[in-house]
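Here is the structure we will look at.
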Amino acid sequence: MRKNEFQMIVNFGDTDRAGIVYYPNYFKWFDIATHQFFRSINMPLSKLDAEQNIIVPLLDVGCTFEKALYDDDIITIKTVVSEVNNKTFQFDHEVYRGDVRTGYGHELHGWVKRMDNQLKAVPIPPEIRDILTTNQANKVKQNNPWLSA
């Protein structure tokens with residue numbers, strides 16, 4: 001299955017009063033990782049919506065927190081397509097500070113088309129399935145971790 005990874009920096013606003021990353025930020029980072037994944041395969045979600053009326057709503061999400069993160073930590077988010085079904089796909093995400101995994105989770109998305117002012121789950125096209133299931137790692141090129149924040 002296809003993989004992607006990128007880096008970003010933890011901002012002060014991502015932390016709580018104790019100076020530790022506030023847990024909902026993992027879900028924000030998973031969402032950013034989903035957008036980065038689709039950019040890495042030349043299929044930004046905004047373009048998919050504009051050109052094909054396809055959106056990928058979140059159906060289920062979960063996260064396990066293992067280690068604390070702090071302001072100014074540089075993190076790597078690793079994403080892999082773990083499952084592709086007829087109308088859904090799942091990403092598994094792992095968050096690392098250096099070589100230490102600090103948390104992991106998943107996102108289940110639907111493949112949904114805007115049609116006649118309605119939303120309808122539709123089969124994932126074969127060419128998209130091929131892209132998602134191809135065993136290839138992508139890394140978004142960055143000069144600065146702030147670019148992905």
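The values are calculated or read from the model by the stated rules, or taken from the named source; none is laboratory data. Quick caveat, the model's predicted, so the values are computed rather than measured. As a convention, Cβ positions derive from the backbone with ideal geometry for all residues, glycine included, and neighbour counts pool all protein chains shown.
Summed over region 1-33, the residues that are free of Cβ contacts under 8 Å to residues at least 24 places away in the same chain and among the basic types (Lys, Arg) give a count of 2.
Here ILE54, ILE41 are screened, and the one residue that is under 30 Å from TRP111 (Cα atoms), touching a residue at least 24 places away in the same chain (Cβ under 8 Å) and touching a Phe, Trp or Tyr at 6+ places or on another chain (Cβ under 8 Å) is ILE54.
A single member of ILE32, ILE20, ILE9 is in contact with a Pro (Cβ under 6 Å, 6 or more places away or on another chain) and of a type in the set (A, V, I, L, M, F, W, C), and it is ILE9.
Total residues in region 93-119 satisfying the condition of being of a type in the set (D, E, K, R) and either within 17 Å of LEU58 (Cβ to Cβ) or touching a residue at least 40 places away in the same chain (Cβ under 8 Å) (or both): the figure is 3.
One line per residue, one yes/no per condition, for (1) part of a helix (DSSP H, G or I); (2) over 22 Å from VAL80 (Cβ atoms):
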position	(1), (2)
ALA18	no, yes
LYS28	yes, no
ILE32	yes, no
GLN36	yes, no
ASN42	no, no
GLU51	yes, yes
ASP60	no, no
THR64	no, no
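Of all residues in region 57-68, those satisfying the criterion of being within 14 Å of THR102 (Cα to Cα) and either touching a helix residue (DSSP H, G or I) at 6+ places or on another chain (Cβ under 8 Å) or hydroxyl-bearing (Ser, Thr, Tyr) (or both) are CYS63, THR64, PHE65. Here ASN86 meets each of (1) closer than 30 Å to ALA18 by Cβ; (2) modelled with pLDDT of 95 or more with one exception, condition (1). ASP73: exposed (fewer than 14 other Cβ atoms within 10 Å of the Cβ) and among the acidic types (Asp, Glu), yes or no? Criteria not met by ASP73. Annotation for region 40-48: at least one member residue is basic (Lys, Arg) and at pLDDT 95 or above. Counting the residues of region 80-107 that are under 21 Å from ASN135 (Cα atoms) and either in contact with a Phe, Trp or Tyr (Cβ under 8 Å, 6 or more places away or on another chain) or exposed (fewer than 15 other Cβ atoms within 10 Å of the Cβ) (or both) gives 17.
Tallying residues that are more than 24 Å from ASP99 (Cα to Cα) and within 16 Å of the chain's Cα centre (by Cα) within region 6-56 yields 11.
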